[in-house]
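The structure under discussion appears below in the form of structure tokens.
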Amino acid sequence: MSSGPLRLRLLNDYEVIVAGLRAMIEPYADRLRVVEEDVRSTADRAVDLTLYDTFGAPQADQSEITAVLADPLAGAVVVYSWNTQPALVAGALGHGCRGYLDKRLAAAEVVDALERVGAGETVVQHLGAAEAGGPVPPATDWPGRPAGLSVREAEVIALITQGFTNADIAARAYISMNSLKTYIRSAYRKIGVERRSQAVRWGLEHGMSPRRPSEC
């Protein structure tokens, strides 16, 4: 483990997601230092912690997380997600993740949890049902938010933009098919489209397509 602030890697395919994470961490620079932010499953330099944001990405109970966990430079991998269902948490920990944090936590709580993971603990922290409907943390952002899309609607449009089928999206976002169809209808209404091809075009024009490693 490094001396001084813990070295943190931010892992997500979307610039606005990573920018929000960095803004959240910056006031705690004496405790955590962001040294890498990228879309690759493997890091360029050694870090103490990798914060894996699941927006538009496979959930951490799925096999794709193994490439991140297998990277000797990644340090302890912590999942950062709106999805905190017990089965997801158990699956992530079963794969070898060292933490699972709810994205509705305050920044200070996230930093405290990351420090505990850095000290060797396995940390699972999420809000109770009564708290989960509270305000979104100020630094939290996502593609499509300026258009009025909720985080769920935005993730659905992002996955549609990437070409996933409805079945793929439901599995990737960990939602039922009925819920998915509801999100699609409400998202289409907000962005003013009627067909999937129109949604894809809107997504491409509004930052819903993820970065690729060659773009970093």
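The values are calculated or read from the model by the stated rules, or taken from the named source; none is laboratory data. Because the structure is a prediction, the values reported are computed rather than measured. With ideal geometry, Cβ positions are generated from the backbone for all residues, glycine too; neighbour counts draw on all protein chains shown. Ligands, DNA and RNA are excluded from the accessible area calculation, which covers all protein heavy atoms including side chains. Shrake-Rupley method; radii C 1.70, N 1.55, O 1.52, S 1.80 Å.
A few notes on this one:
- Count of region 143-161 residues which are under 18 Å from residue 53 (Cα atoms) and either assigned to a loop (DSSP other than H, G, I, E, B) or open to solvent by 10 Å² or more (accessible area, probe 1.4 Å) (or both): 8
- Within region 182-196, not a single residue is at pLDDT below 95, outside any loop (DSSP other than H, G, I, E, B) and either more than 20 Å from residue 17 (Cβ to Cβ) or among the hydrophobic types (A, V, I, L, M, F, W, C) (or both).
- Evaluating residue 56 against the criteria (1) within 19 Å of residue 141 (Cα to Cα); (2) without any contact (Cβ under 8 Å) to a residue 40 or more places away in the chain; (3) open to solvent by less than 20 Å² (accessible area, probe 1.4 Å) leaves one unmet condition, (2).
- Residue count for region 150-173, restricted to those that are among the hydroxyl-bearing types (Ser, Thr, Tyr), farther than 12 Å from residue 56 by Cβ and in contact with a Ser or Thr (Cβ under 9 Å, 6 or more places away or on another chain): 1
- There is no residue in region 12-19 that is open to solvent by 10 Å² or more (accessible area, probe 1.4 Å) and in contact with a strand residue (DSSP E or B) (Cβ under 8 Å, 6 or more places away or on another chain).
- Contact map, region 152-173: first residue in contact (Cβ under 8 Å) with a residue 40 or more places away in the chain, second residue of a type in the set (Asp, Glu) and open to solvent by 10 Å² or more (accessible area, probe 1.4 Å), Cβ cut-off under 6 Å, separation 6 or more or different chains; pairs are 173/155.
Per-residue answers, yes or no, for (1) surrounded by 13 or more Cβ atoms within 10 Å (Cβ to Cβ); (2) touching a Gly at 6+ places or on another chain (Cβ under 7 Å):
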site	(1), (2)
166	yes, no
178	no, no
183	yes, no
191	yes, no
194	no, no
199	yes, no
205	no, no
208	yes, yes
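- Annotation: residue 203 fulfils all but one of (1) closer than 27 Å to residue 24 by Cα; (2) in a helix (DSSP H, G or I); (3) modelled with pLDDT under 95; the unmet one is (3).
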